[in-house]
Amino acid sequence: MSTDHYTVLGVRADAPPEVIRAAYRALAQKHHPDRAQDPGTARVSMTRLNEAYAVLSDPGKRRAYDRARVESAPQPPQDPVRWNGNTAPVSIEVGGYRYGLNFMAGFVISNDVWSDTHVSSRGGGGYTLMGYGYYSRPKVTSEVIPRQRIGVRTRGGRDVFLEQSGSHLPVACGQHVEVVRAFSHHTRREANVALVNRDGGQWFWVGSSLDAGQALCGPAAAFWDFVIFLAVAGGLGVLGWHFVHGWFHRALYVLIGGPLLVGSCSFLLWRTASKISDGIGRAITVAVQPSAPTAMPLDLAH
């Protein structure tokens, strides 16, 4: 396929009909020959837009196009070169519990990148007395959040989709990758935690390193981390309160010292999750290094 209709309209491959319709109308107004500075270029753009919309707006044509689009994706070689040579899961032990890593070889079949705008407001209201007073307008802020959805077809013919938020993983369609799936022997939890770029010799966290630990951390471990956090933060708070005298200093201690104390002890809430993610990161690095000595973990979410 020379032209991707989804790329022409700037929408994802799983976009609903109303999104496709709205994208077409917006682009058609932008590239209309009567409004564009270069009518010749605008006519070419409108032709591509009309072709894309004619296919994607018709359910039958869209299904046929999606099938042809997947079939035209680059196919892996018959005997692909193994990246790390691990045919069995890699076992690691963290905190007395065993975890396993499966390296699922495949190739990228889709890489959808878009951005969401998160709009929030705060403030507003005011005070009035008998119709007189002031009114403060709410403060509206918007935040653009990059998002990414990567589709990987494994050697077994299974399609795996990875969701990435906050940053983009540098992979392209057709590249050979390995999806690292971690699982816990204790909690029976599992999650896709990393993506190995076999062509580039690097590996990347899916989300962040902490996300991997939280996905495998059991509720019991999270509960005890919370208990330890309360014990440490509460103990330090009571101890500090004992040495502070006077209502003014104690008020300052509650308003300023309390938040600082909670923030400084917040790492205890993720104590087990951090240990798990550190162990997973070391195991992936060791597995990748034999074929790529310069490979290093990259946490793109921060």
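The values are calculated or read from the model by the stated rules, or taken from the named source; none is laboratory data. Everything numeric in this text was worked out from a predicted model, so none of it was measured. In this analysis, Cβ positions are derived from the backbone assuming ideal geometry, glycine residues included, and neighbour counts consider all displayed protein chains. Only protein heavy atoms, including side chains, enter the accessible area calculation; ligands, DNA and RNA are left aside. Shrake-Rupley method; radii C 1.70, N 1.55, O 1.52, S 1.80 Å.
For the reader, a short list of remarks on this structure follows.
- Overall form of the range 224-280 per C-alpha gyration tensor (a/c, 1.5; a/b vs b/c): prolate
- Extension gain, I145 back to F223 (0.36 nm per residue minus Cα-Cα distance, nm): 25.0 nm
- If the segment from W247 to R12 were pulled out straight at 0.36 nm per residue, it would be longer than the present Cα-Cα gap by 78.7 nm.
- Placing dummy labels 7 Å off each Cα toward the beta-carbon, the span from S266 to A26 is 3.3 nm.
- Cα gyration tensor category, rounded, prolate or oblate, for the range 148-194 with a/c compared to 1.5: oblate
- Label-to-label distance for D34 and T285 is 6.3 nm, based on points extended 7 Å past Cα in the beta-carbon direction.
- Between R48 and L239, full extension at 0.36 nm per residue minus the direct alpha carbon distance yields a gain of 61.7 nm.
- Rough spin-label spacing in nm, given labels placed 7 Å along Cα→Cβ, for T41 and K61: 2.7 nm
- Heavy-atom accessible surface of the range 143-197: percent carbon and sulfur, 1.4 Å: 46 percent
- Model label zone, V232; criterion: amide N under 15 Å from point 7 Å along Cα-to-beta-carbon; scope the range 249-276: 260-276
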